[in-house]
Structure formats: structure tokens, C-alpha cells
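Structure, as C-alpha cells:
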Amino acid sequence: MQPYLLFLGNLLISSAAAAESPLTICVNYHCEQQLEIQLTPDEWQAVLSPFAEPANDARTERTQVSRAIALFEKVVGPHARTNTDKARNDGDGDQIGQLDCIAESKNTKHYLNWLDRKGKLRWHSVENRISRSPLLFDVHWSAVIKQHTNNKSYVVDSWFYANGEVPVIQPVDQWLEKRSFSNQVIP
């Protein structure tokens, strides 16, 4: 009887994970093309792995967010053909899978919203995307999270690095001023 119950339990867990809604992902510049993809239960678990332990503070959660966004890109990439996305706009804008900051920021916001719906963002909320240098040229977009305890906002900017690398997380005011950053140092 026990193996039967174990089988049913695993079946229910697999069914729940398989029932996840598909993700709508931008697959080219300006998000002119989108693709609906369905991740496997193992892939969903992979993107949640940075949150195995709840964050004890906001900075730790930002580190978890950074790792989860990188994992989302790695997992989604083969499905959406974005796994060849190069850093910045180094690729060909007509090539499927090469993303600009508009597409990157929309995808990142989708991933952040999914993490929020799963209850993984305890210290932050997902905000509207933000742009800087709002002139005709050199406009740049990013996803944003806001820390609950001090209302400080941070960009989560995956455009600066190739697919699957951890994004830049930087205070919005510093990002707007185009201050230097590192994706290895989480503020």
C-alpha cells in the first residue's frame, strides 16, 4: 500500500508542476515576436532552487533574484531560442533569440512576476519597468523591484550580459546616473 501512496503523491506533485501556465517570452528586438513556452516540472524546480532557504534579509533576496533570473534564462533559452543571446546589442537585431533591452526587461519582469506569485519575493515587490536617457537615441529599459522595508528601488537588468549570466542589480538612482556596476556585487 505504501508504494502506491508514494506513486500517487509523486503523480500529484508532477501534475501540479505540469499544470503551470505557459510563459510568454520575447524572442527578438523590441519584443516584436513572442513565444508561449511550457517548462517541465524539473525546469520549474530549477528556477526556484535559489529560494530553497527563505531569505533573512532584502540583500539576500536580491542575490536569490539574481540567480533565479539567470536560471530562468538558461532554462527558457533552448525553448525560446534565446540561448544564443549575446551581451548588450552585440548580436544581429534580425536574428531570432537576440534581445535588446526592451525584450530583456519584459522577460525579466515576467520572471519576477512569476516568482512573486509563487510567494518567493518576501522583501520586494515587482514594479513597472523603467527607462533612462529618454531621448530619441540611447534609451535603455530595465525591470525594477522595490524593497518593502525602505521603499528603495533596484533595477534587475539582464541586458548587459549574455543569456544565463546573472543580471545587474543596482539602486535605481545609480542606474539612472549610469554609474559603474558589477553583476558579481549585489547591493
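Over 22 Å between Cα atoms: which of K86/K106; K74/K146; K120/K178 fall into that group?
Table pairs above 22 Å Cα-Cα are K74/K146; K120/K178.
Between K118 and F160, what FRET efficiency comes out of the Förster formula 1/(1 + (r/R0)^6) with R0 = 35 Å and r the beta carbon distance, rounded to 0.05?
Between F160 and K118 the formula returns 0.85.
Per the Kirkwood formula on distinct C-alpha pairs, the Rh of the stretch 15-163 is how many angstrom?
For the stretch 15-163, inverting the mean 1/r across all distinct Cα pairs yields 15.7 Å.
Just to be sure I understand the model, the point goes 7 Å from the Cα along the line to the Cβ. What's the resulting Q95 to E36 distance in nm?
The answer from the label model is 2.9 nm.
Return the FRET efficiency for the residue pair S133, A87: r is the Cβ-Cβ distance, R0 is 25 Å, and the value is rounded to the nearest 0.05.
My answer for the efficiency is 0.85.
Percent of Cα-Cα pairs per 5 Å bin, from 0 to the last occupied bin, for the stretch 70-154, please list those.
Pair shares across the bins are 3, 13, 20, 22, 18, 14, 7, 3, 0.
Here, each number is a calculation from the coordinates, and none is a lab measurement. Source: prediction; values computed, not measured. Neighbour counts are summed over all protein chains in view; Cβ atoms, including those assigned to glycine, are modelled from backbone coordinates with ideal geometry.
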